[in-house]
Amino acid sequence: MTSYAPRDPQTDRLLSPDNSVFVLIDYQPIQIQSIESMNRFQLVQNIVATTKLMVDFHVPIILSTVNVATGRNKDTIAPLKDLLGDTPSYDRTTINAWEDREFNEALQATGRHNLIMTALWTEACLTFPAIDALAEGYDVYPVVDAIGGTSVDAHEAALRRVEQAGARPTSFTQLACEFQRDWNRTDTVKSFFDDLSSAGKFLEL
């Protein structure tokens with residue numbers, strides 16, 4: 001039972017905490033309330049668990065909101081704000097975050113090419129920056145169970161569109177396993193199980 005050393009993150013074919021950046025777009029009350037593609041309570045559980053996973057594995061986070069400064073919208077929901085602490089938030093007027101200078105510059109400054117992307121809605125605020133990022137050579141991984149659309153059809157059509165453009169859909173549980181990789185990496189085992197439990201993936205026996 002001899003594990004290889006962790007792979008070089010620059011050449012690793014899989015996602016790792018060292019080659020990824022987490023993009024978190026528009027998890028605000030009005031967007032949450034308009035989701036019809038999945039149960040909203042489960043959506044919040046999943047995005048909180050996904051964000052906690054990123055925090056626990058020290059993945060850089062790019063947080064963005066829309067229309068908070070203009071007064072048209074409220075800020076990121078409290079369960080996420082509590083996790084994110086002093087993480088900067090890039091407020092925009094653009095529907096497509098890729099067209100906001102501060103957001104774009106912050107993302108580029110990470111130097112990471114794997115974008116683990118979450119946004120509300122799937123059909124707009126995820127699709128548009130995902131397509132732009134792919135065109136500029138990034139690899140994009142939408143977290144399918146932590147995003148949502150205004151209908152099941154809208155969500156699924158958007159996922160097909162970004163996948164056809166080259167995106168690689170993933171899920172919260174897949175990400176957790178992809179980051180952990182080896183039970184010998186004991187520093188993160190407890191966080192791994194805590195994060196899956198917070199998303200309701202384990203039941204107490």
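The values are calculated or read from the model by the stated rules, or taken from the named source; none is laboratory data. Remember, it's a predicted structure, so these values are computed and weren't measured experimentally. Virtual Cβ from ideal backbone geometry, glycine too; neighbours counted across all protein chains shown. Areas reflect the complete protein model, heavy atoms only, side chains present, ligands, DNA and RNA absent. Shrake-Rupley method; radii C 1.70, N 1.55, O 1.52, S 1.80 Å.
Some observations on this one:
- Subset of region 1-47 (residues that are farther than 27 Å from residue 106 by Cβ, out of contact with any His (no Cβ under 7 Å at 6 or more places or on another chain) and hydroxyl-bearing (Ser, Thr, Tyr)): 2, 3, 4
- For region 179-190, the criterion of being more than 20 Å from residue 42 (Cα to Cα), β-branched (Val, Ile, Thr) and touching an Asp or Glu at 6+ places or on another chain (Cβ under 9 Å) is satisfied by at least one residue.
- Looking across region 132-170, the residues that are β-branched (Val, Ile, Thr) and either at pLDDT below 95 or open to solvent by less than 50 Å² (accessible area, probe 1.4 Å) (or both) come down to 140, 143, 144, 147, 162, 170.
- If you go through region 107-131 and keep only what is of a type in the set (A, V, I, L, M) and open to solvent by 10 Å² or more (accessible area, probe 1.4 Å), you end up with 109, 124, 131.
- Some residue of region 85-102 being crowded, with 17+ Cβ neighbours inside 10 Å, under 30 Å from residue 185 (Cβ atoms) and of a type in the set (A, V, I, L, M, F, W, C): no
- Note on region 1-89: enclosed helices (runs of 4 or more DSSP H) holding 3 or more residues that are touching a residue at least 40 places away in the same chain (Cβ under 8 Å) are 29-33, 40-56.
- For residue 93: the one exception among (1) among the hydroxyl-bearing types (Ser, Thr, Tyr); (2) under 16 Å from the mean Cα position of the chain (by Cα); (3) over 28 Å from residue 9 (Cα atoms): (2)
- Condition met for residue 50 (open to solvent by 80 Å² or more (accessible area, probe 1.4 Å) and either hydroxyl-bearing (Ser, Thr, Tyr) or touching a His at 6+ places or on another chain (Cβ under 8 Å) (or both)): no
- Contacts under 9 angstrom Cβ, first residue in region 171-182 being within 16 Å of residue 142 (Cα to Cα) and open to solvent by less than 10 Å² (accessible area, probe 1.4 Å), partner at pLDDT below 95 and not in a helix (DSSP H, G or I), 6 or more apart: 172/199; 172/201; 176/199; 176/201
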